[in-house]
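Note sheet for the following structure.
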Amino acid sequence: MSEITNVRFVLAVLDLEKSTDYYTTALGLTMDFEAPGWSFLSRGSFRVMLGECTDAAPPGELGDHSYYGYITVTDVDALYVEYQQFGVTFTQSLASKPWGMREFGIRTLDGHRLMFGQEL
């Protein structure tokens, strides 16, 4: 059976320059490379492609459908503090959950919602 070895999220953003700045500055991702209308970013094994779609519905208007990922990390408490320092908008505060994860949620500049967690 074929094994999935990596995942890259692909997100529509309204302003590529602003969104790229948000992901690199506030979320700590690194620019891997750019192509016309696209930014390819990563932090560790987390990868995301931002594609500029000026006529797309803003993710913030999609309600529950604005969730796009759950990322497992090694030190969720440190990441939470880091994101607090950069003024990231939280949808859920850091908390230990009954399903065995310590997690928090954020909303990106474009309105995508993202969860970060660490196994307890």
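The values are calculated or read from the model by the stated rules, or taken from the named source; none is laboratory data. Predicted model, so just to flag it, every value in this text is computed and none were measured. Note that each Cβ is placed from the backbone with ideal geometry, even for glycine, and that neighbours are counted across all protein chains shown. Just so you know, the surface numbers come from the protein's heavy atoms only, side chains and all, with ligands and any DNA or RNA stripped out. Shrake-Rupley method; radii C 1.70, N 1.55, O 1.52, S 1.80 Å.
FRET efficiency for the Lys97 to Met1 pair, using the beta carbon distance and R₀ = 30 Å, is estimated at 0.45.
Surface analysis of region 35-97 yields an accessible area of 57 Å² per residue, using protein heavy atoms and a 1.4 Å probe. Straightening the chain between Ser42 and Asp55 buys 2.1 nm, computed as 0.36 nm per residue apart minus the Cα-Cα spacing.
DSSP beta bridges confined to the chain are antiparallel in about 70 percent of cases. A helix-only calculation puts the chain at -5000 deg cm²/dmol for mean residue ellipticity at 222 nm, using -39500 (n - 2.57) for each DSSP H run of at least four residues, averaged over all residues. Between Asp77 and Asp21, the distance separating the two model label sites (each 7 Å from Cα on the Cα→Cβ line) works out to 3.4 nm. In this label model, Phe90 and Tyr68 are separated by 2.3 nm, measuring between points 7 Å along each Cα→Cβ vector. Over region 44-120, with every protein chain in place, what whole percent of the accessible area is carbon and sulfur at 1.4 Å, could you tell me? About 50 percent, which is the carbon plus sulfur part of the accessible surface. Mean sequence separation of contacting Cα pairs (under 8 Å, at least six apart), scaled by the length of region 66-120, corresponds to a relative contact order of 44 percent.
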